[in-house]
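Undergrad: Encoded as structure tokens, here's the structure I'll be asking about.
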Amino acid sequence: MLLLPLTHTLSQAQFNSTHHLLKSTSARSAARFRRQLSLPLSPGSDYTLSFSLGHQVQPITLYMDTGSDLVWLPCAPFKCILCEGKPNASPPANITRSIAVSCKSLACSAAHNLAPSSDLCAMARCPLESIETSECANFKCPPFYYAYGDGSLVARLYRDSLSLSSLSLRNFTFGCAHTALAEPTGVAGFGRGLLSFPAQLATLSPQLGNRFSYCLVSHSFDSERVQKSSPLILGRYEEREKEKISGGGMVEFAYTPMLENPKHPYFYLVSLIGISVGKKNIPAPEILQRVNRRGDGGVVVDSGTTFTMLPEAFYNSVVDEFDRRVGRVNQRARKIEEKTGLAPCYYLNAVAEVPAMTLRFAGGNSSVVLPRKNYFYEFLDGSDETKEKKRVGCLMLMNGGDERELSGGPGATLGNYQQQGFEVVYDLIEKRVGFAKRHCASLWDRLNRDKN
């Protein structure tokens with residue numbers, strides 16, 4: 001087992017109001033989901049991971065992203081187009097001692113959408129007679145283009161040693177970008193793919209790479225809680241399946257099978273059967289329960305999108321039931337909805353009764369009961385002229401648009417805000433995703449003690 005810290009970028013960001021924070025976060029979630037088409041998800045800007053690479057003096061800090069399958073970083077000299085106002089997690093790397101990947105390698109083919117090595121070596125200007133005799137090993141893999149939902153880059157592949165805590169990986173393959181569009185910070189892709197972080201780790205250490213999990217500390221955008229490290233766990237640790245917790249109870253994982261999608265093989269897709277609001281079960285549409293022949297459907301479990309996005313009709317059904325329960329005793333806060341991009345929002349009475357919410361995934365015993373703070377955000381609003389602060393609450397799910405317009409990818413996204421306070425495990429051998437309620441800060445402390 002290898003334990004690493006994930007750092008929330010909000011601990012380094014400044015927002016001038018709660019409205020500004022929520023509006024920025026909701027807009028980014030919507031853009032990441034709606035622009036994905038058949039591309040990997042835009043790299044999330046919520047959680048970062050740091051490691052050492054080759055002879056770099058400073059650690060490399062990248063966004064940790066389960067929605068894409070490439071590890072890449074900015075390299076000097078680095079030019080980023082349309083990156084004004086976007087933070088740079090670490091300075092561009094100097095890779096003068098790293099080794100360029102050959103045009104004949106499987107990694108090169110993977111970066112070029114499985115193009116044959118003969119084509120790639122021809123692009124690298126290997127002579128025809130050498131291509132025919134398979135003697136192009138000294139020719140470099142050509143540059144490749146990699147696009148996200150709202151950004152892109154051109155990179156070359158290199159190999160170097162990578163150090164993670166106590167582990168050192170030789171010949172780790174990564175993309176080195178000198179030019180990017182709207183992507184100033186690199187990404188550690190944890191998706192399903194040959195070049196992803198877990199896949200490369202699995203070739204060197206199967207017990208570490210074939211199973212990983214994270215446990216995102218519950219923060220509700222609180223500046224102190226957001227600074228706590230969230231554990232990223234590579235491999236198994238003792239008593240993962242059932243673990244004693246305070247009070248003498250047992251923590252159990254609710255597992256749901258991964259859906260296969262040959263058109264988008266890098267996504268961790270699962271089947272959502274429905275959502276319960278209180279005792280009312282709302283069935284999910286077909287597009288969330290299975291993947292069709294075109295490669296559309298399923299729910300992607302994503303570390304890089306903040307809020308959960310649902311197809312419009314299904315979202316409206318969930319909201320209608322929620323509003324029927326909450327709206328009858330609390331006034332709707334329309335101005336807050338305009339300022340935050342979230343809905344519905346309410347001015348709350350002294351005691352706000354909010355119905356329980358349960359995500360019902362495919363598989364036996366696969367229901368996940370969300371803590372109230374994972375789907376209903378409460379804060380004090382003092383933006384009106386009276387200067388009297390009012391208690392406000394907003395539902396933290398978002399409308400992903402008409403499902404008929406969602407062709408080319410997942411039908412919904414399970415965002416990291418709804419994953420707070422759960423250990424989410426990706427089991428690549430059994431091909432399943434699991435959820436277990438945790439106190440993530442305590443889990444970080446305990447695993448650190450056990451490690452030492």
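Undergrad: Among the numbered criteria (1) modelled with pLDDT of 90 or more; (2) surrounded by fewer than 21 Cβ atoms within 10 Å (Cβ to Cβ); (3) within 20 Å of the chain's Cα centre (by Cα); (4) not aliphatic (A, V, I, L, M), which one does Gly54 miss?
TA: Answer for Gly54: the failing condition is (3).
Undergrad: Just to be sure, is Cys83 assigned to a loop (DSSP other than H, G, I, E, B) and open to solvent by less than 20 Å² (accessible area, probe 1.4 Å)? Step through it out loud before you land on a result.
TA: Values: assigned to a loop (DSSP other than H, G, I, E, B): yes; open to solvent by less than 20 Å² (accessible area, probe 1.4 Å): yes.
The answer is yes for Cys83.
Undergrad: Of all residues in the range 358-384 being surrounded by fewer than 18 Cβ atoms within 10 Å (Cβ to Cβ) and over 30 Å from Tyr255 (Cβ atoms), which is modelled with the highest pLDDT?
TA: Top of the filtered list is Glu378.
Undergrad: Here's another thing I want to ask about it. Hey, Gln418 hits all of (1) outside any helix (DSSP H, G or I); (2) within 25 Å of the chain's Cα centre (by Cα); (3) not β-branched (Val, Ile, Thr) but one; which does it fall short on?
TA: Tallying (1) outside any helix (DSSP H, G or I); (2) within 25 Å of the chain's Cα centre (by Cα); (3) not β-branched (Val, Ile, Thr), Gln418 fails exactly one: (1).
Undergrad: Is it the case that Phe212 is surrounded by 22 or more Cβ atoms within 10 Å (Cβ to Cβ), more than 21 Å from the chain's Cα centre (by Cα) and not in a helix (DSSP H, G or I)? It would help to see each step written out before you state the result.
TA: Values: surrounded by 22 or more Cβ atoms within 10 Å (Cβ to Cβ): yes; more than 21 Å from the chain's Cα centre (by Cα): no; not in a helix (DSSP H, G or I): yes.
Answer is no for this residue.
Undergrad: Working carefully through the options Pro143, Pro77, Pro127, find the one that is out of contact with any strand residue (DSSP E or B) (no Cβ under 7 Å at 6 or more places or on another chain) and at negative phi.
TA: Numbers: Pro143 fails: out of contact with any strand residue (DSSP E or B) (no Cβ under 7 Å at 6 or more places or on another chain); Pro77 fails: out of contact with any strand residue (DSSP E or B) (no Cβ under 7 Å at 6 or more places or on another chain).
Going through Pro143, Pro77, Pro127 in turn, just one is out of contact with any strand residue (DSSP E or B) (no Cβ under 7 Å at 6 or more places or on another chain) and at negative phi: Pro127.
Undergrad: Right, here's the next one. Scan the range 419-428 and give yes if some residue there is surrounded by fewer than 21 Cβ atoms within 10 Å (Cβ to Cβ), of a type in the set (Val, Ile, Thr), modelled with pLDDT of 90 or more and out of contact with any Cys (no Cβ under 9 Å at 6 or more places or on another chain), otherwise no.
TA: no
Undergrad: Still on this structure, please answer the following. Working only within the range 310-329, note down all residues that are open to solvent by less than 10 Å² (accessible area, probe 1.4 Å) and part of a loop (DSSP other than H, G, I, E, B).
TA: Residue satisfying the conditions is Pro311 alone.
Undergrad: Would you check if there is a residue in the range 317-331 being at pLDDT below 95 and within 27 Å of Tyr268 (Cβ to Cβ)?
TA: No: zero hits.
Undergrad: How about the range 335-357: which of its residues are modelled with pLDDT of 95 or more and exposed (fewer than 15 other Cβ atoms within 10 Å of the Cβ)?
TA: Scanning the range 335-357 gives a single hit, Ala356.
Undergrad: Also, quick follow-up: If we keep just the residues of the range 57-75 that are farther than 19 Å from Arg170 by Cα and modelled with pLDDT of 95 or more, which is surrounded by the fewest Cβ atoms within 10 Å (Cβ to Cβ)?
TA: In this case the residue turns out to be Cys75.
Undergrad: To continue, here is another question. Wholly within the range 112-204, which strands (runs of 3 or more DSSP E) include no fewer than the required count, namely at least 2 residues that are open to solvent by less than 60 Å² (accessible area, probe 1.4 Å) and in contact with an Asp or Glu (Cβ under 9 Å, 6 or more places away or on another chain)? Can you show your working first?
TA: Working: elements: 144-147, 152-164, 167-181, 187-189.
Filter on the range 112-204 gives 152-164, 167-181, 187-189.
Undergrad: Search the range 252-309 for residues being among the acidic types (Asp, Glu), closer than 19 Å to Gly434 by Cβ and part of a loop (DSSP other than H, G, I, E, B), and hand back the single one that is least open to solvent (accessible area, probe 1.4 Å).
TA: The first filter runs over the range 252-309 and keeps only residues among the acidic types (Asp, Glu), leaving 252, 260, 286, 296, 302.
Now restrict to residues that are closer than 19 Å to Gly434 by Cβ: 252, 260, 302.
Retained after the next criterion (residues that are part of a loop (DSSP other than H, G, I, E, B)): 260, 302.
Details: Glu260: 99, Asp302: 0 Å².
Step by step, filter the range 252-309, then rank; the result is Asp302.
Undergrad: On to the next question. Examine the range 90-107 for a residue that is part of a helix (DSSP H, G or I) and at pLDDT 90 or above, and state whether such a residue exists. Spell out the reasoning first.
TA: Our first condition is that a residue be part of a helix (DSSP H, G or I); within the range 90-107, this holds for 106-107.
Applying the additional criterion that residues be at pLDDT 90 or above yields 106-107.
Yes: one or more hits.
The values are calculated or read from the model by the stated rules, or taken from the named source; none is laboratory data. Keep in mind it's a predicted model, so treat the numbers as computed, not measured. Neighbour counts run over all protein chains shown; Cβ positions are idealised from the backbone, glycine included. Side chains included, ligands, DNA and RNA excluded: accessible areas come from the protein's heavy atoms. Shrake-Rupley method; radii C 1.70, N 1.55, O 1.52, S 1.80 Å.
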